[in-house]
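Written below as structure tokens is the structure these notes are about.
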Amino acid sequence: MTGADSRSVVLARIRRALHGEGGGPPEGPAPARDYLPAHTAEDDPAALADLLAENLADYRALVHRCTADGLPGLVARLLTARGARTVLAPPGVPGDWLAAATAAGITRVPAPGALTARELDAVDSVLTGCALAIAETGTLVLDGSPDQGLRRFTLVPDHHICVVRLPEQVVASVPRALPRLDPARPQTWISGPSATSDIELDRVEGVHGPRTLEVVLLGGAAPPG
Amino acid sequence: MSGTFLGMPAFPRAAAESTGDARLRANLRHATRTIRDKRARAVAELPDWQRLRAAGAAVKDRTLRHLDHYLEQLERAVTEAGGTVHWAADAAEANRIVTGLVLATGEREAVKVKSMATQETGLNAALEKAGIRAYETDLAELIVQLGDDLPSHILVPAIHRNRGEIRDIFRERMGQWGRPAPDGLTDRPAELAEAARLHLREKFLRARVAISGANFMVAETGTLVVVESEGNGRMCLTLPETLISVVGIEKVVPTWQDLEIFLQLLPRSSTAERMNPYTSMWTGTTDGDGPRDFHLVLLDNGRTDALADAVGRQALRCIRCSACLNVCPVYERAGGHAYGSAYPGPIGAILTPQLRGVTSPLDASLPYASSLCGACYDVCPVAINIPEVLVHLRERVVEGGEVTVRGTRTRIRPARGHAAERAAMRAAGWAFGHPRLLRAGQRLAGRARRLQPRRLPLPGPGRAWSATRDLPPLPAEPFRDWWQRTRGDRQAPEGRADRADRAGPEEERERGESP
Ligand code: SF4
């Protein structure tokens, strides 16, 4: 049986199964969406940022806050603390984000798009922006924009630093996130570093993705204290 | 994996064997209770959970009622985005298509990310016959594969193995499959996970073909969604050159916006997280990012037969969260293997007999693998009335009647050797035939939770499982009551309405307009 035959077989089975009850394009109004668009107040950007930080930390991401001026220094400190010698940053990442790190002798990997997976495996850290972040769930969304790059960039290296711009990149909830995203772009939603509970339900952080996820909340109100 | 679910003993016997295994039982008990409590907390964070749940059920029902339309729309969108769509009427055809696609790449190995659909079709065995080695990359699936074993839980398939056993399996078997386990491997979970990371990284970096399933497919955009925790999914979905996804036709949702419902329901209900660590979404192929070739294999394999059954059809809403397993007293006692298919627990008890028919002794016994306590219905994030379908399927086993088998309507004869089941059926059927009594019973149990019997005596084969089992606590308000209270004046959820031929006049009124 060829695939084309099976296509008509399956569609015919569906139509027979639904005979008299449905089949064809839907008619009438779509089901009610009377659930909440968000579960948290959306008019206070500082509170949203706090909630995001709290939920990120709850799933073992390391959260930092800084202003635009402080970013290069912070990035350099985070990389140095890990002992990173090489860092990958997609082409859209502003050069000044890495200015202090490169001055400290850390190499920004050239032409990362040409690297094979094996070569990526030898890169110490990756620095990206994001498309948006969801406060309620502690989620970062990457959509392959120039400051995020190919999906494998944030997958193979063991250390990921992701910068979130406050307040404009933070939304409250999943229903607030989807309309801002383009389904045609490949997406990765990240909520904490990878984890497994497959061995007697003991949670172990870090299996195949970057085992350390650091999130920098950039701008917004000065951090408390 | 050389293990297979075919030829499994019928449920009561398999259950008796596994309930005798003290370790399996202890593991299961610990696991299901831990997940159950965490899940309750994650769900309680959302005050609109019941509304999300109702919306999830309604969207799935509507999709099923227009499945032909949405599949054609999906096919167009995937094709326009650079993917190739294949249709498989049954398991053998799906396996044939996938085998052909892998062979066409010239490769003889493939990495796999956990997929229940390919477990259902027995794909790994089919690939092995064609000389293709498929590597499972989910940690639990790896444990199962290396141990030459069968998965026993949807979410944590190796739940029946403890850390010591896992260490032994890694030490003894990893070397035969690739990079051996590190010397001096202990049974600390972090070390075991690290051993798996090293063993599998070798395969990911080399892999040129990957095989996956998908949690959702969006008809309007052609987007596929894979929800996972470990990152092995991302590895499989982005590093290889060719990606083949085998997905049941019921996984389609109409719109991008619909994901807002299911991406809230699934993680909280499944792993009890606000969101799972990684979710991948892709639409066809993208230049320079991810696989160059993307193939989607749409799998029927009995799903259209289930669709033909107006009561049983609701099982196709399932989003495979595994919450029903974790609350099920029968599952906790019997373990996943007793269900003899890729789908264990309450969902397996209603899905497998519909996908495969009720002609084998195992499949005919599955609808009895329940005490009808209703806990599964109350936790189900898409409100599948599992007890209702169980009773419906029991009736089919006992009385025979009209069913659809591979698209053809046939009449099956009453099963033999089910005299005891028939007695059980009569008792249960009586309550279900009197919906008011059933509701009253549920409400009573809800109000008098502390008064419920800790042991539930069941007649017939049910006794085998109910004799030593504790009942889970009942929710304060059954879903059915909640539905009546909040939506009684509106249309009942499609496909969930009680069958007309069993409904009394009062039930008829309460149902409102039928869909
Ligand atoms: S039947 Fe419901 S509770 Fe069970 S796995 Fe499916 S969606 Fe989850």
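Some points to look at:
- Both chains summed, the buried accessible area for A and B stands near 7800 Å², from protein heavy atoms and a 1.4 Å probe.
- Per-atom-type breakdown for the range A:36-218 gives carbon and sulfur 53% of the accessible area (1.4 Å probe, protein chains only).
- Straight-line cross-link partners of B:K203 among the aspartates and glutamates, defined as a Cα under 12 Å from its Cα and at least 8 positions apart when in the same chain: B:E109, B:E136.
- Dipole in debye (nearest 20) - the range B:243-290, about Cα centre, beta carbon charges: Lys, Arg +1; Asp, Glu -1: 200 debye
- Cut-off 11 Å (backbone N to label point 7 Å along Cα→Cβ of A:A30), residues of the range A:98-142: none
- For the range B:282-396, carbon and sulfur atoms together expose 50% of the accessible surface, with a 1.4 angstrom probe and every protein chain in place.
- Calculated on alpha-carbon atoms, Rg and Dmax of the range A:83-166 in Å: 12.6, 38
- Label zone of B:D287 (point 7 Å out along Cα→Cβ, amide N under 17 Å): in the range A:98-129 this covers A:113-114.
- Rolling a 1.4 Å probe over the heavy atoms of the protein chains gives chain A an accessible area of 39 Å² per residue.
- Förster radius 45 Å - calculated FRET efficiency between B:R29 and B:E172 (Cβ-Cβ, nearest 0.05): 0.95
- Here the range B:268-336 and the range B:90-144 have alpha carbon centers that stand 18 Å from each other.
- Size descriptors for the range B:39-139: radius of gyration and Dmax over Cα atoms are 18.6, 53 Å.
- Global geometry of the range A:124-225, whether rounded, prolate or oblate, following the gyration tensor of its Cα atoms and the 1.5 cut on a/c: rounded
- With coordinates expressed along the principal axes, the C-alpha atoms belonging to chain A extend over 71, 47, 41 Å, beginning with the largest.
- Distance (nanometres) between label positions extended 7 Å along Cα→Cβ at B:R96 and B:R108: 2.5 nm
- Net length available on complete extension from A:E119 to A:D96 is 5.8 nm, with 0.36 nm assigned per residue and the Cα-Cα distance removed.
- Two-decimal ratio, the range B:250-387, of alpha-carbon radius of gyration to 2.2 N^0.38 Å: 1.18
- Relative packing of peptides A:7-14, B:138-145 - highest average C-beta neighbours within 10 Å first: B:138-145, A:7-14
- For a straight C-alpha distance cut-off of 24 angstrom, the lysines reachable from B:K251 (same-chain residues fewer than eight places away being disregarded) are B:K60, B:K112, B:K114.
- Of the residues making up the range A:132-179, those losing 20 Å² or more of accessible area when the isolated chain is joined by the remaining protein chains, with a 1.4 Å probe, are A:E136, A:T137, A:L150, A:R151, A:R152, A:L155, A:V156, A:V174, A:P175, A:L178.
- Summed residue charge, Cβ within 14 Å of B:L103's Cβ, Lys/Arg positive, Asp/Glu negative: +1
- Look at the stretch A:32-39: the mean tally of other chain Cβ atoms within 10 Å of its residues' Cβ atoms is 6.
- Charged neighbours of A:A30, selected by a Cβ distance under 10 Å, balance to +1 (K, R count +1; D, E count -1).
- Rounded to 5, percent antiparallel among DSSP beta bridges of the range A:36-218: 30 percent
- Computed about the Cα centre, the dipole magnitude for the range A:148-216 is approximately 420 debye when only Lys and Arg (+1) and Asp and Glu (-1) carry charge, each at its Cβ.
- Inter-label distance, B:T410 to B:A44: 5.0 nm, where each label sits 7 Å from its Cα along the C-beta direction.
- Inter-part distance, the range A:145-162 to the range B:211-261, computed on C-alpha centroids, equals 20 Å.
The values are calculated or read from the model by the stated rules, or taken from the named source; none is laboratory data. Predicted model only: the values in this text are computed from it and were never measured. Cβ: placed from backbone, ideal geometry, glycine included. Neighbour counts: every protein chain shown. Accessible surface areas use protein heavy atoms only, side chains included; no ligands, DNA or RNA. Shrake-Rupley method; radii C 1.70, N 1.55, O 1.52, S 1.80 Å.
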